[in-house]
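These notes concern the structure reproduced below.
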Amino acid sequence: MAFKTPKSQVLTKFVLLLGLLAANFLYLSLKFDLATGGIASALTWSFFVLCTPIADAGFLLDFPLRLIFGIRMVLSELMVWALAIGTNVATLLLAQQYYDTTILTRILHQILITPWPYWSVIVLSATGTFLSIRFGDELMDILNHRDRSFFQAHHFKYELILFAFFLMVLFGYFELIRELGLEQIL
């Protein structure tokens, strides 16, 4: 199947990723019940938002919103993080039993209730996510010719420094996961 435009490619990938999220919801709903499946799916999604250093779960929204509506990815990612944090605050306050549904939700619960040292995972994840989103926004600006002076103004060096910092964050993240013993679970 040949894609005609970049927007149709993004829309197709977005629909496929939504299908994956829906399949997870369906599986968990059949395994437990509809409410538990929905909450467990939301918590699983929030795990990928809060505990991975790349905008993977947020990418369901960020990139399509940027391409289709021109919304900067950093703004949509801020909304994604607010939604993920809000989901977890509500679940922690009202229904902690939903964290016992899957291995990822159990790990997420352990990270959330153990500030030191586990919140370091969230801090490194936030740093890596927003660096990758910033880099992605800049790349989209270049590709869309919105910032023609990018290379002329020597910002390319700045972007290389950001990218190097992002790589250091990734390295630090994986070292922290190893030190905390989470790599065996993940």
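The values are calculated or read from the model by the stated rules, or taken from the named source; none is laboratory data. None of these values were measured; they are calculated from a predicted model. Quick reminder, even Gly has a Cβ in these numbers, built from the backbone with ideal geometry, and neighbours come from all protein chains shown. With ligands, DNA and RNA removed, areas are computed over all heavy atoms of the protein, side chains included. Shrake-Rupley method; radii C 1.70, N 1.55, O 1.52, S 1.80 Å.
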Which residues, taken from the stretch 120-138, are over 12 Å from the mean Cα position of the chain (by Cα), open to solvent by 30 Å² or more (accessible area, probe 1.4 Å) and farther than 14 Å from F174 by Cα? R134, F135
Subset of the stretch 85-103, residues within 12 Å of L50 (Cα to Cα) and either out of contact with any helix residue (DSSP H, G or I) (no Cβ under 8 Å at 6 or more places or on another chain) or touching a residue at least 40 places away in the same chain (Cβ under 8 Å) (or both), comes to G86, T87, N88
